[in-house]
Amino acid sequence: GGVLGGSIAFLMWSLPGFIVLTTASLFLYGIIDPSNPPIWLLGVPPAAVALIFKAFYGFAQKLDTLGVALAMLACAVSVLINHDENIPSNSSQIVYPVLLFGGGLLTYLDAHRSKPIGTYSKLPGQDDGPVVQTALDRKLGYKIGMEIRHGIFMFLLWLVLLVGSIALVNRGYDNKY
């Protein structure tokens with residue numbers, strides 16, 4: 001578990017998958033005519049959407065009212081920006097991080113309201129006495145296995161990769177599709 005386990009999983013599973021799928025996508029339009037794709041390829045996008053909505057349904061059952069509203073908004077925006085004639089195809093590079101930041105900010109602001117929409121555990125104050133960890137707190141801390149500094153490092157790494165990929169896409173060739 002932890003950062004080491006996540007890094008090994010990334011190197012052994014996600015990175016090879018990314019390389020294979022990216023390589024396949026580079027050669028796909030050279031092999032298949034985009035105006036007349038084979039019938040088996042037409043079922044891939046609906047199947048992917050069905051899997052995403054199935055995962056969302058299972059995820060939404062564990063969320064409170066605010067979480068479901070934010071998830072529905074994110075899903076709606078994700079579906080709406082895909083293949084829209086008025087929205088550039090690379091706008092998702094900006095829209096998704098804005099959705100993440102906006103959802104986090106909304107949740108933070110809601111948690112500090114007198115009557116929040118979401119369900120939050122109460123943070124201990126100075127008058128509450130010493131903080132006692134429950135078995136669940138210890139289990140979650142053990143499962144995550146990551147300190148705050150590792151989380152900050154992972155966020156900064158994600159941010160650098162995001163900005164770098166946006167810069168590379170903007171400097172790269174003009175994608176016709």
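The values are calculated or read from the model by the stated rules, or taken from the named source; none is laboratory data. These numbers come from a predicted model, not from an experiment. Because the Cβ atoms are built from the backbone with ideal geometry, glycine has one as well, and the counts that use them run over all protein chains shown. We work out accessible area using only protein heavy atoms, side chains counted, and drop any ligands, DNA or RNA first. Shrake-Rupley method; radii C 1.70, N 1.55, O 1.52, S 1.80 Å.
On the protein heavy atoms, probe 1.4 angstrom, tell me the percent of accessible surface of the range 1-67 carried by carbon and sulfur.
Working: 4170 of 5400 Å².
Carbon plus sulfur share of accessible area: 77 percent.
Can you tell me how much longer the chain between Ala135 and Ala60 gets when fully stretched, taken as 0.36 nm per residue apart minus their C-alpha distance, in nm with one decimal? Before the final figure, lay out each step's value.
On the way: separation 75, 0.36 × 75 = 27.00 nm, distance 2.54 nm.
Here the answer is 24.5 nm.
Put His150, His112 in order of accessible area, largest first, 1.4 Å probe: what do you get? Provide the component values of the computation, followed by the final result.
Details: His150 55, His112 125 Å².
Greatest to least solvent exposure: His112, His150.
If a paramagnetic tag sat 7 Å from the Cα of Val49 along the Cα-Cβ line, which residues of the range 55-77 would have the backbone N under 17 Å from that point?
55-57, 72-77
How big is the accessible area of Asp64 in square angstrom, nearest 10, if you roll a 1.4 angstrom probe over the protein chains?
40 Å²
Keeping all protein chains in place, calculate the accessible area per residue for the range 68-122 (probe 1.4 angstrom), answer in Å².
On the way: 4200 Å² over 55 residues.
Accessible area per residue, the range 68-122: 76 Å².
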